[in-house]
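So the structure is just underneath, and the comments pick up after that.
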Amino acid sequence: MTQTTRPEPGRPAQIRDGETAEQHAAFEARIARGEKIEAGDWMPAEYRRQLIRMISQHAHSEVVGMLPEGEWISRAPSLKRKTLLMAKVQDVAGHGQYLYHAAEPLGATREVMLAALLSRRAKYSSIFNYPTHTWADVGMIGWLVDGAAIKNQTMLAGCSYGPYSRAMVRICSEETFHHKQGKEMIVLYAQGTPEQRAMAQEALNRWWWPSLMMLGPHDADSPNSGVLAKWGVKLKSNDAVRQEYLDEHVPELLEAGLTIPDPDLFRGEDGHWHHGPIDWTEFWAVIKGEQGLGETRLGARQAAHDEGAWVREAMQAYADRERRPAQAAD
Ligand code: FAQ
């Protein structure tokens, strides 16, 4: 859809063939005034490309994100926990829908986006390639993963692209419920029997570092951040969001009586919590599917896609019939 052109000297790389500096200036003035950009408005090709990349990857993350917790629906320890988890997983399916809808008017069809996921050309969040070993992982995903997602998405709710921003408002309000149910569960286990305490601590040991990684590489290693910040999509950097996540979650986890598995963690004189070095080798290996459950997750998505073929065919047949001009009864 977009063409990569060699930038002329003095011409910003984001101005593509067929676009003018005046169009860019008018577009950036709209963003500076706090206006939302809607799907039918003029936008730079690079803004469109970045939004499709980011929103489709976000949608894929929601869809793949149903798998680690979905595995536990049939093994939930009580009716209450089962109904909460079913509601959460259904919400997450809905989040995927809102997000695909936000990307579609930009020119990305659902078929193309799903094909990119299934052929491993599109990414989805690294966090969902980690396994869920015990029921406490379900609680820890709610507390940490939804907690990190909310920090990132509250920021994105203010982004310049209207459909994404509005989807984020609704998604964040639902995720706040997911976050609370996870935290409530882990706090209970952390104060429970020795077995429950051990289960909660082991889950924290597994999810702590991946939850820090899911907010993206350090700012110096984040190639997309510059243009996304310039055009009002990312209002905070990866490290700034990670800092907010840390400052909220570290005191709460400690208060729950849990030990954070980072010997270098400390609270600085600046009042902020600072973590030790993150293993970015693991992060990239997990994203590439060289480590973790990437193949298992995509295998499950492929199977669901294949098994759903008859539903897509039936819907297409219905849509075709509805589009046909009314025929005479005879
Ligand atoms: N995993 O230049 P940056 C959830 C890639 S939703 C995989 O910093 P950017 C709900 C990145 O794509 C969780 N890849 O990239 C839930 C780029 O590669 P590319 C998902 C990652 O876009 C909870 C490269 O690294 N949330 O959890 C990751 O400026 C519980 C360089 O990075 C969203 O998608 C990663 N973690 O910043 C569901 C939010 N991080 O594409 C179920 C929207 C980076 O150039 C249960 N997305 N990469 O080939 C964003 O805010 C941004 O895309 C970031 C990354 C912040 C994730």
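Every number here is computed from the coordinates shown, using simple stated rules; none is lab data. Nothing here was measured: the structure is a model prediction, and the numbers come from that model. When we count neighbours, we look across all protein chains shown, and the Cβ atoms used for this are built from the backbone with ideal geometry, even at glycine.
Below is a table of values for the structure above.
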read-out: Förster radius 45 Å - calculated FRET efficiency between residue 28 and residue 272, Cβ distance, rounded to 0.05; value: 0.90
read-out: In sequence order, calculated HN-Hα J values of region 126-135 (Karplus, 6.51, -1.76, 1.60; Hz; x Gly/Pro); value: 3, 4, 8, 9, 9, x, 10, 8, 9, 4
read-out: Among 54, 133, 106 - extreme Cα towards positive end, dipole of region 1-136, charges at beta-carbon; value: 133
read-out: Ratio Rg/Rh, restricted to the chain and using Cα atoms, in which Rh is the Kirkwood radius; value: 1.01
read-out: FRET efficiency estimate (nearest 0.05) - Cβ-Cβ, residue 260 to residue 230, R0 30 angstrom; value: 0.30
read-out: Ranked list, fewest to most other Cβ atoms within 10 Å of each Cβ, for 269, 71, 175; value: 269, 71, 175
read-out: Members of 36/123; 82/234; 183/236; 36/180; 183/230 lying beyond 28 Å, as alpha-carbon distances in this model show; value: 82/234; 36/180; 183/230
read-out: Sum of -39500 (n - 2.57) over DSSP H runs of 4+, divided by residues of the chain (222 nm, nearest 500); value: -19500 deg cm²/dmol
read-out: Karplus 3J(HN,Hα) series, Hz, for region 233-249 with 6.51 cos²θ - 1.76 cosθ + 1.60 (x for Gly, Pro); value: 8, 9, 8, 9, 7, 4, 5, 5, 5, 4, 4, 4, 4, 5, 5, 7, 7
read-out: Kirkwood-type radius of region 136-255, with distances r between different C-alpha atoms, in Å; value: 15.1 Å
read-out: Extreme residue, positive dipole direction of the chain, given options 317, 302, 212 (C-beta unit charges); value: 317
read-out: Pairwise FRET efficiency - residue 110 versus residue 176, Cβ, R0 = 35 Å, nearest 0.05; value: 0.80
read-out: Rounded to whole Hz, the Karplus (6.51, -1.76, 1.60) HN-Hα couplings of region 150-163, x for glycine and proline; value: 5, 4, 5, 7, 5, 5, 5, 4, x, 6, 6, 8, x, x
read-out: Mean projection area, nm², convex hull over Cα of region 272-312; value: 5.0 nm²
read-out: Whole-angstrom gap from region 64-80 to region 171-232, using each part's C-alpha centre; value: 18 Å
